[in-house]
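Coordinate-derived values only; no laboratory data. Predicted model, so just to flag it, every value in this text is computed and none were measured. Cβ atoms come from the backbone with ideal geometry, glycine included; neighbour counts cover every protein chain shown.
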Amino acid sequence: MLFADITEPFEFEFFRHALIAATMVGALTGLVGVFVVLRRMSYIGHGMSHSVFGGAVVGYVAGFNFYLAAGIWGFLSALLINQTTRKRQIGADAAIGIVTTASFALGVALISRASSVTRNFDAALFGNLLGVSQADIWVIAAVLAFTVGAVFFLYKQLLFLTFDSEVAPVYGVPAGWIDTVFSLVLAATIIASIRIMGVTLIAASLVIPPVVARLLTDRFAVMLVLSSLIGAAVAFSGMFVSYYWDIASGASIVLLSAAVFVATIFSVTLRNWIRTGRPVPATRELTAAEAKALFD
Amino acid sequence: MGQPVAGNEIVRLSGLSAGYDGKPVVADVNLRVAAGEFVGIVGPSGSGKTTLMKVLLGTVHTYAGEAFVDGRRVSLRHRPSVGYVPQLETIDWNFPVTVEEVVMLGRAMQSGPWPWPRKSDTAEMMRLLERLGIARFRKQQIRNLSGGQQQRVFLARALIRNPRLLLLDEPTSGVDIKTRDDILHLLVDLHREGVTVILSTHELNAVAAHLPRVVCINHGIVADGNPAEIFTTDVLRRTYGGDMVVVRQGGMTLVADSPHFFDGRAGGAGEVAV
């Protein structure tokens, strides 16, 4: 591929916009995804995006601003999931399944009634690098800045709640307040990412970069940075794949992330094998002796 | 049965009922613990040991009675400042966190708005890690430690708050006999320095060997006192609902299972003085 081929897409404003937006979205989902993965809430990304889709359709039909409608809907869904999860008989996965699929179904029902809406939501389902506006970039930048600020200033509280949610409130961490901020950040992340990633593929961008980062480090702060960088890098690269191969942007980013995941699993397994003298899968817990051999 | 309380009272439970979803797990509990005491809570699984701990932490609903820690009433809205070591079974050992990060969490709400610790907090952490003999592991991920070392990490997290009251939920479960002995000796040392220690455990013999006071519970207090006095077949039967053999030798009290096969003499519970 010639240098001219690489620089060609930059001639188009839509690509420049999409590239900036996707890179920020990648960093954002990578950062927020660390908490989603470590809190074992991977399914919530999938559910929340479907829930936001319902809110976006309702907003569109009612003539509201996309971000406003999807934002309020997503935030209320997150709160409802949190409340439902607190009922001891209902697990988090079931609560997410009920709230979000009902919301998604509402969106589908409204689309079925008004067929003219369908075309506009193809991009929302699978992601599209066309049509990312300057305003979208500002919204993503604002969400990214808020999220980075929240993670920076609430780092210790978020770490405590994520690591040991039972004891954190005992030591004075305001769990309810922090969880509400996290719900807000998660909803905002999903809404800001929908145009690039698509409803059906956001969950993967919340999960794969943190999992890759976890394979590479045992330190929480390093995992946050690595996951954000991996997310940004695969999103940046994925936009070129999307442009040249004419694939939906969400799909190209997720496929690239999956390739990075496979390569990381392979390289970590190989590294463990070389250091310990026998094959140790990257996904298996190491024994204390194996861990000592690796880290000494 | 009760224990007279000398000195400043640090814990007082009066006619307390507490539990979950409107169902009491413990009922009509009256308990007083003086500052500087070392108390063990024993009882079968589901008898309310952890619930009683949670009452003192202010994380469980109380339906009747009152709970006071350090003179202040405890509730879901008013939680006392205590040191707490949870059951280690609840910890995610694969979590990407190092020993020093775990310990610093004990000061998460006191160490300023920045993500990094203050110098004074780091110095205090190092002093504690040195004292507990785990300073050389401070950069290690917690999974890479032995059971005893892991227990010390969470003890350090509790102690970095300089608590007057230290609560430990089954600190000796899942560790070998040597580690259990080390942990209990460490707690005895802390107790001698003036920290009030309350722990729950299933280890009756360890309690009898190390603790001056034990509370037997089974949804309520069955007995409260010195283990040499209250570990009787009758109290243990009412606590655990089964027969056990109590052996007394040279001032030591040992509790054994009721044997099915024992040198040809099968079955039977009772007290044996050797």
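Taking a ≥ b ≥ c as the square roots of the Cα gyration tensor eigenvalues, with a/c under 1.5 meaning rounded and otherwise prolate when a/b beats b/c, else oblate, which class fits the range A:2-293?
oblate
Based on other C-beta atoms within 10 Å, arrange A:17, B:78, B:202 from fewest to most.
The order, fewest Cβ neighbours first, is B:78, B:202, A:17.
For a quick check: sort B:215, B:245 by the number of other beta carbons within 10 angstrom, fewest at the front.
Neighbour counts put them in this order, fewest first: B:245, B:215.
Can you give the translational diffusion coefficient of the range A:185-235 in µm²/s, computed by Stokes-Einstein from the Kirkwood radius over Cα pairs at 25 °C and 0.890 mPa s?
Taking Rh from Cα pairs, D becomes 215 µm²/s.
Classify the range B:40-193 as rounded, prolate or oblate from the Cα gyration tensor: take a ≥ b ≥ c as the square roots of its eigenvalues, call it rounded if a/c is under 1.5, otherwise prolate when a/b beats b/c and oblate if not.
Verdict is oblate for the range B:40-193.
Along the Cα-to-Cβ line of residue B:21, 7 Å from the Cα, sits a label point; which residues in the range B:59-82 have backbone N less than 16 Å from it?
What the label zone holds, given the 16 Å backbone N cut-off, is B:61.
Can you give me the C-alpha center-to-center distance between the range B:86-140 and the range B:45-83, rounded to a whole angstrom?
Result: 25 Å between the Cα centres.
For every helix of n ≥ 4 consecutive DSSP H residues, a contribution of -39,500 (n - 2.57) applies; sum these over chain A, divide by its total residues, and give [θ] at 222 nm rounded to the nearest 500 deg cm²/dmol.
One gets -26000 deg cm²/dmol as the mean residue ellipticity at 222 nm.
Once amide H atoms are placed 1.01 Å from N in the peptide plane, what residues at a sequence separation of 5 or more from residue B:9, or on another chain, have their amide H within under 5 Å of its amide H?
When sequence neighbours closer than 5 places are left aside, the close amide H contacts are B:35.
Taking only Cα atoms and a 10 Å spring cutoff, compute GNM fluctuations for chain A and point out the largest among A:102, A:235, A:18.
Maximum among the listed residues: A:102.
What ranking of A:140, B:217, A:253, B:91 emerges when the number of other C-beta atoms within 10 Å of each C-beta is taken as an exposure proxy, fewest first?
The most exposed by this proxy come first: B:91, B:217, A:140, A:253.
Which of the three applies to the protein assembly as shown, rounded, prolate or oblate, going by the alpha-carbon gyration tensor with a ≥ b ≥ c and a/c under 1.5 meaning rounded?
Verdict is prolate for the protein assembly as shown.
Mind checking which of B:172, B:201, B:59 has the largest fluctuation in a GNM of chain B, springs on alpha carbons under 10 Å?
Between B:172, B:201, B:59, it is B:59 that shows the largest mean-square fluctuation.
Hey, how many Å between the Cα centroid of the range B:202-224 and the Cα centroid of the range A:121-193?
47
Helix B:147-159 sits at what angle to the longest principal axis of chain B, using alpha carbons and giving 0 to 90 degrees rounded to 10?
70
Could you work out which residue, out of A:232, A:142, A:62, moves most in a Gaussian network model of chain A, that is, has the largest mean-square fluctuation with Cα springs under 10 Å?
A:62
Once every DSSP H run of n ≥ 4 in chain B is given -39500 (n - 2.57) and the sum is divided by its residues, what mean residue ellipticity at 222 nm do you get, rounded to the nearest 500 deg cm²/dmol?
-8000 deg cm²/dmol
Taking amide H positions as placed 1.01 Å from N in the peptide plane, with prolines and chain starts having none, which residues 5 or more places from residue B:168, or on another chain, fall under 5 Å of its amide H?
Correct list: B:85, B:198, B:199, B:200.
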